[in-house]
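Taking it in order: structure first as C-alpha cells, then the write-up.
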Amino acid sequence: MSSSVIGGPITRIDGKLKVTGGAKYAADYPIEKLAYGVAVPSTIADGKIARIDSVKAEKMPGVLAVFHHDNFDKLYRPAGAFEELSRPGESRPPFEDGNIYYYGQFVALVVADTFQQAQDAAANVHVTYDEKAPLVLLNQATTSNTTLAKKYSRGDADSAFPKAPVQLDQTYTTPTETHNPMEMHATIAVWNKDKVTLYESSQGVVNHHNVMSEMLGIPLENIEVISKFIGSGFGGKLFPWPHSLLAAVAARKLGRPVKVSVPRTLMFTTVGHRPATQQRMRLGATQDGKLVSFQNDILQHTSLVDDYVEDCTQVSSLLYSSPNNTAIQHLARLNVGTPTPMRGPGRTPALFAIESAMDELAIKLNMDALELRLKNYAETDEASNLPWSSKHLREAYQTGADRFGWSKRNPKVGSMRNGDLIQGWGMATCTWPAGRHAAEVRVRLLADGTARASCATQDIGTGTYTVFAQVVSDKTGLPLGKIQVVLGDSALPPGPTSGGSSVTSTVLPAIVEATQKAVDAVIQVAVYTPNSPFQNVDAKTLKMTQGRIHAQDKSPDTGVPFQDILALRNLVGLDGHAKTDADPDVKKFSTHSFGAHFCEISFDPGIARLRITRWLTVIDSGRMVNAKTARNQILGGVVMGIGMGLFEATIYDTRNGHPINNNFADYIVPVNADIPEMDCIFLDYPDTVLNEYGARGVGEIGLTGVASALTSAVYHATGVRVRDLPIRMEQLLV
Ligand code: MOS
C-alpha cells in the first residue's frame, strides 16, 4: 500500500539546520531596535504588594520603563473552557492586581536597551509586601482548601475490598517535577501599527494565537505567532504563560520590539510543573490472584488561581479487569504557580502507584509480577465498555519477557548476584491514550518540480517536519529532498497543538487528502489542456508516482513529470487543501497504546550504590511512521522516567514557597552516565481505526511505568519498597 518512505528509519529533514545553527529559536531572531524585558519575581508566596519602589531603577542607564500592576494596560481573562483551543497556562492576567498567589509571580517588568541594563535595574526595583504564611506542601491540604475533581466508579469497591481474601492498602507519592527543556521560554513581540508578531517557543501556535487575541483584546487577524523550532517543551509550552503577555504589552506601550526570556530559575515558578500526587491504592484479590476490587484515592495540588487536574483516574479505571473499581481525585489549593501537563500527564504518576501496588500484590500472593498482570488482563475497556481499537499488550509482555530473560528471575529478594553486586529485576506496564483531532493542511505542487506542505502545527523536536515530508513523498513519489515543509506559524491552515502524542495520528489523514487533491488538480490540467499528452484521457485512469503523471496500468516512465503539466498552462503551482476531523467511528472504540518495561539494576550493598544496568521497552503503539524518530521518543521517555525514579523533585521552602533547587546544579536530571544499555521493540500493528497508516503516536508512553519498574527492581535487590519518589540513597541504607 505504501512505499518504504513510511515506517523506515528516516533521518530528520531539519536535522542539518539544527546541528549547524541554522535553526532559529524564539529568542534568536535578530530584530532591529530590540529592547529587553526582565521580570521581577515575587519573593513571597501569599499576600499583597504593599509598595513598589522603582524610582532608582527608572533612572538607571538604558532603562525605558518599569511596568507593574499600577501602570499596565488592561488585560482580559481568557474564555478558556468556553472556546476551543484557547487555553492559557495561567488564567489570571499578569499584573491584574497587587495580590500574590505564589513565589516567583511576576510583580514588575523592567525594559531597557540591553539585557544587562534591564537585569541590573530589575535588581534595583524594591517591592514590599503584606505577607501571609503560605501553604506549599501537599501534606498541608485540609478540607478547607481541597475540592473534588474527578470521580469514577463501577461495581461496589467499598464493600468488595474488606471481603477480599488478599488485600493491599498502600500509599504512594510523587513530588512536584519541573519541566526543564534545554530551550527556555522566550517571547519577542514586534508591533507594526495595530498588528503584533510574537516569536514564541510554543507547542501550539494556534492556541497561543487565540489566547493572545482574547487576553490582549485585539482581533485574531492582528496577531501572528511564529514558532519554527522548539528546543522541546514536554508540555510546559502547550499553553501561553504570563511572560508572553508582558512582552506584547510592553512592546506596544514603548513602540519598540521587546524580548522577554524566562531564565532557568523562573522556569521553576511561572511556566508550570507536574503537581505532587499522593495515591492510596487499595487492591483486593482472590488467593489465586484475580482482582475483585481496585481503588485509587488521589490527591494532587493545584494553584490558587486555576484548577489543573493531573488525571490519574482514567488509567486507574481501565488498565486491569476488575468488577469493582473506584478512582477519586481531589485537588488541594496551594501557593504555587499553576501546574500544567508534563510528558505523560496523569498516567505517569498514576502508573507509579498502580504498577507499584501490583508488584506488591504479586509478592503478597507469591506470584510472578508478569503472571499477575496476565491474570488480570483487560480484554475490553471496562470503564467505557468499548472494545480496544487494537491491543497487543499480551504480546508486548511476552516479547519483552523472552528478550529480557524474565523466566530466569529468582523471585527471592537479594538472590541474584553478579560478584559483590546484587541484581534486581523489575517490570511494569506502560500505556497512553491515542487520539485524533481536527487539522487543515495545504499541499502545493510547484513549477520547479518540488512540493510544499504547510500547516499551523509545529515540530517540538519530535520529527513532525519529517513526518509531513514522508507522507507527501509516499503519495507523490517525490524524494524527501524535493519536499518543503512549513510549520510553526499561526497564519497557516490551523493545525493541532503538539500535545497528547496525537499530532501524527491527527495530521496524517489531512496530509494524505491534501496531497491527493493537489495530484488530482494536476491530473485535471493534464486531461483538459490542449497539447497535453493526456488530453481527453479519463482522469480516473491516471495517477502520480515518482513525481510523474502516468496511466495507472503503465509504468511511471511512460508518463511525464508533473511540472511539465504545470508548464503547459504556465502555472506556478497547484494546491490541495484538506480539513479532516476524527472519524465518528473512532468513538466506537477505546483507543490506547500499551507496552511493557523490563529493567535490571545493580546494587552495591556496601555503599548503597544503585546503578541501572539494562532497560528494555516493548511498545504496541500502532504502526510506526518513522522508526528512527519513534525510537528516539521512547528512549527519551525512558530517560525522563529514570529521572523521575532516581532524581527529580522540586523542593519548596515552606516559609516562602521558594523552589530552592531552581537550577541545574540542584535539580538533578539524568546524564549519560546514569543511562544503561537501552533497547526498544515496536510490535508495529497498524491501528487503522485512527488513520490509513494505522499510527497512534509515541511521544509520552515511554515515560509511563518507568519509575515503578525501577522501584520494583530496587525491592527485588534490596527488600526496600520505595513508595515516595524519588528513590534516595538513604532509603537504601538498611
Ligand atoms: Mo504533552 S505533556 O501533551 O506536551
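Against the definition (within 16 Å of the ligand (Cβ to nearest atom) and assigned to a helix (DSSP H, G or I)), how does residue 498 come out, yes or no? Spell out how you get there, then give the answer.
Values: within 16 Å of the ligand (Cβ to nearest atom): yes; assigned to a helix (DSSP H, G or I): no.
Spelling it out, it is not the case that residue 498 is within 16 Å of the ligand (Cβ to nearest atom) and assigned to a helix (DSSP H, G or I).
Being within 27 Å of residue 591 (Cα to Cα), away from the ligand (no atom under 16 Å from the Cβ) and not assigned by TED's automatic domain parsing to the domain that holds residue 640 narrows it down to one residue among 307, 359, 288; which is it? Write out each step before concluding.
On the way: 359 fails: not assigned by TED's automatic domain parsing to the domain that holds residue 640; 288 fails: within 27 Å of residue 591 (Cα to Cα).
Result: 307 is the single residue among 307, 359, 288 that is within 27 Å of residue 591 (Cα to Cα), away from the ligand (no atom under 16 Å from the Cβ) and not assigned by TED's automatic domain parsing to the domain that holds residue 640.
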- Task: Tally the residues that are under 24 Å from the mean Cα position of the chain (by Cα) and among the aliphatic types (A, V, I, L, M), restricting the search to segment 81-137.
- Result: 2
- Of all residues in segment 665-677 being touching a residue at least 60 places away in the same chain (Cβ under 8 Å) and more than 25 Å from residue 459 (Cα to Cα), which is surrounded by the fewest Cβ atoms within 10 Å (Cβ to Cβ)? 677
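Could you pull out every one of the strands (runs of 3 or more DSSP E) wholly within segment 181-239 that has 1 or more residues that are open to solvent by less than 20 Å² (accessible area, probe 1.4 Å), closer than 25 Å to residue 32 by Cβ and within 16 Å of the ligand (Cβ to nearest atom)? Step through it out loud before you land on a result.
Values: elements: 186-192, 195-200, 223-226.
Where strands (runs of 3 or more DSSP E) fall fully within segment 181-239 and carry at least 1 residues being open to solvent by less than 20 Å² (accessible area, probe 1.4 Å), closer than 25 Å to residue 32 by Cβ and within 16 Å of the ligand (Cβ to nearest atom), they are 195-200.
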- Note on the structure: Going through (1) surrounded by 16 or more Cβ atoms within 10 Å (Cβ to Cβ); (2) more than 30 Å from residue 432 (Cα to Cα) one by one, residue 554 fails only at (1)
- Note on the structure: Reported set for segment 100-120 where residues are touching a Lys or Arg at 6+ places or on another chain (Cβ under 8 Å) and either of a type in the set (A, V, I, L, M) or open to solvent by less than 40 Å² (accessible area, probe 1.4 Å) (or both) is 100
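Given the criteria of a type in the set (Gly, Ala, Ser), within 16 Å of the ligand (Cβ to nearest atom) and closer than 23 Å to residue 509 by Cβ, does residue 434 qualify? Can you show your working first?
Numbers: of a type in the set (Gly, Ala, Ser): yes; within 16 Å of the ligand (Cβ to nearest atom): yes; closer than 23 Å to residue 509 by Cβ: yes.
Yes: the conditions hold for residue 434.
May I ask you to list the residues in segment 510-554 that are in contact (Cβ under 8 Å) with a residue 12 or more places away in the chain, assigned to a loop (DSSP other than H, G, I, E, B) and of a type outside the set (Val, Ile, Thr)? Talk me through it step by step, then tell me what you get.
So in segment 510-554, the residues in contact (Cβ under 8 Å) with a residue 12 or more places away in the chain come out as 510-527, 529, 531-534, 537, 539, 541-549, 551, 553.
Of the ones still in play, those that are also assigned to a loop (DSSP other than H, G, I, E, B) are 529, 531-534, 537, 546-547, 553.
Hits for segment 510-554 are 531, 532, 533, 534, 546, 547, 553.
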- Query: residue 592 versus (1) at pLDDT 95 or above; (2) open to solvent by less than 60 Å² (accessible area, probe 1.4 Å); (3) more than 16 Å from the ligand (Cβ to nearest atom): which is the lone unmet condition?
  - Reply: (3)
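Go through segment 263-274 and count every residue that is over 24 Å from residue 79 (Cα atoms), open to solvent by less than 10 Å² (accessible area, probe 1.4 Å) and not aromatic (Phe, Trp, Tyr). If you could, list the steps in order and put the result at the bottom.
Initial filter on segment 263-274 (over 24 Å from residue 79 (Cα atoms)): 263-268.
Narrowing the set further to residues that are open to solvent by less than 10 Å² (accessible area, probe 1.4 Å) leaves 267-268.
With not aromatic (Phe, Trp, Tyr) added as a condition, the list becomes 267.
Summing the residues that are over 24 Å from residue 79 (Cα atoms), open to solvent by less than 10 Å² (accessible area, probe 1.4 Å) and not aromatic (Phe, Trp, Tyr) in segment 263-274 gives 1.
Residue-by-condition table, conditions (1) within 16 Å of the ligand (Cβ to nearest atom); (2) in the same structural domain as residue 381 (by TED's automatic domain parsing); (3) surrounded by fewer than 22 Cβ atoms within 10 Å (Cβ to Cβ):
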{"position": "261", "(1), (2), (3)": "no, no, yes"}
{"position": "279", "(1), (2), (3)": "no, no, no"}
{"position": "293", "(1), (2), (3)": "no, no, no"}
{"position": "311", "(1), (2), (3)": "yes, no, yes"}
{"position": "319", "(1), (2), (3)": "no, no, no"}
{"position": "324", "(1), (2), (3)": "no, no, yes"}
- Task: Name, by its number, the condition in (1) within 16 Å of the ligand (Cβ to nearest atom); (2) touching a Cys at 6+ places or on another chain (Cβ under 7 Å) that does not hold for residue 597.
- Result: (1)
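Please specify each residue of segment 492-510 satisfying the condition of being of a type in the set (A, V, I, L, M) and buried (at least 24 other Cβ atoms within 10 Å of the Cβ). Before you say what the answer is, go through the steps one by one.
Kept after step one, since they are of a type in the set (A, V, I, L, M), are these residues of segment 492-510: 492, 503, 507-508, 510.
The answer is 503, 507, 508, 510.
For segment 273-346, please list each of the strands (runs of 3 or more DSSP E) lying entirely inside it that holds at least 3 residues being within 25 Å of the chain's Cα centre (by Cα) and among the polar types (S, T, N, Q). Lay out the reasoning, then the answer.
Working: elements: 277-285, 291-302, 325-333.
Because the criterion is at least 3 residues that are within 25 Å of the chain's Cα centre (by Cα) and among the polar types (S, T, N, Q), the strands (runs of 3 or more DSSP E) in segment 273-346 that meet it are 277-285, 291-302.
I'd like to verify a number: residues in segment 689-700 that are more than 16 Å from the ligand (Cβ to nearest atom) and open to solvent by less than 20 Å² (accessible area, probe 1.4 Å), how many? Don't jump to the end; show me each part of the working.
First, pick out the residues of segment 689-700 that are more than 16 Å from the ligand (Cβ to nearest atom): 689-695.
Pick out the ones that are also open to solvent by less than 20 Å² (accessible area, probe 1.4 Å) and you get 690-691, 693-695.
Residues flagged as more than 16 Å from the ligand (Cβ to nearest atom) and open to solvent by less than 20 Å² (accessible area, probe 1.4 Å) within segment 689-700 amount to 5.
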- Message: So in segment 633-647, with the set limited to residues that are open to solvent by 10 Å² or more (accessible area, probe 1.4 Å) and in contact (Cβ under 8 Å) with a residue 60 or more places away in the chain, which one is nearest to residue 335 (Cα to Cα)?
- Response: 647
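Let me confirm something: among 467, 472, 507, which residue is within 16 Å of the ligand (Cβ to nearest atom), modelled with pLDDT of 95 or more and part of a helix (DSSP H, G or I)? Before the answer, list the steps.
Details: 467 fails: within 16 Å of the ligand (Cβ to nearest atom); 472 fails: within 16 Å of the ligand (Cβ to nearest atom).
Result: 507 is the single residue among 467, 472, 507 that is within 16 Å of the ligand (Cβ to nearest atom), modelled with pLDDT of 95 or more and part of a helix (DSSP H, G or I).
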- Query: On the given criteria, is residue 254 touching a residue at least 12 places away in the same chain (Cβ under 8 Å), open to solvent by less than 20 Å² (accessible area, probe 1.4 Å) and away from the ligand (no atom under 16 Å from the Cβ)?
  - Reply: no
- Task: Kindly provide the set of residues from segment 386-405 that are of a type outside the set (Ser, Thr, Tyr) and crowded, with 19+ Cβ neighbours inside 10 Å, ordered by number.
- Result: 388, 391, 392, 393, 396, 400, 401, 404
- Query: residue 474 fails exactly one of the following numbered conditions: (1) buried (at least 20 other Cβ atoms within 10 Å of the Cβ); (2) more than 20 Å from residue 575 (Cα to Cα); (3) among the acidic types (Asp, Glu). What is the number of that condition?
  - Reply: (2)
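When the residues of segment 326-356 are filtered to those that are hydroxyl-bearing (Ser, Thr, Tyr) and more than 16 Å from the ligand (Cβ to nearest atom), which remaining residue is nearest to residue 43 (Cα to Cα)? Give the derivation first.
Step one: of segment 326-356, the residues hydroxyl-bearing (Ser, Thr, Tyr) are 326, 338, 340, 348, 356.
From what's left, more than 16 Å from the ligand (Cβ to nearest atom): 326, 356.
Numbers: 326: 41, 356: 38 Å.
Top of the filtered list is 356.
Does residue 131 satisfy the criteria of being at pLDDT below 95, open to solvent by 80 Å² or more (accessible area, probe 1.4 Å) and in contact with an Asp or Glu (Cβ under 9 Å, 6 or more places away or on another chain)? Break it down into steps so the answer makes sense when it comes.
On the way: at pLDDT below 95: no; open to solvent by 80 Å² or more (accessible area, probe 1.4 Å): yes; in contact with an Asp or Glu (Cβ under 9 Å, 6 or more places away or on another chain): yes.
When the stated conditions are applied, residue 131 does not pass them.
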- Matching residues in segment 679-688 - criterion: being part of a loop (DSSP other than H, G, I, E, B) and surrounded by fewer than 21 Cβ atoms within 10 Å (Cβ to Cβ): 683, 684, 685, 686, 688
- Query: So residue 374 clears everything in (1) free of Cβ contacts under 8 Å to residues at least 24 places away in the same chain; (2) among the aliphatic types (A, V, I, L, M); (3) surrounded by 22 or more Cβ atoms within 10 Å (Cβ to Cβ) except one condition, right? Which one?
  - Reply: (3)
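The values are calculated or read from the model by the stated rules, or taken from the named source; none is laboratory data. The model shown is predicted, which means the values in this text are computed figures rather than measured ones. Cβ: placed from backbone, ideal geometry, glycine included. Neighbour counts: every protein chain shown. Just so you know, the surface numbers come from the protein's heavy atoms only, side chains and all, with ligands and any DNA or RNA stripped out. Shrake-Rupley method; radii C 1.70, N 1.55, O 1.52, S 1.80 Å.
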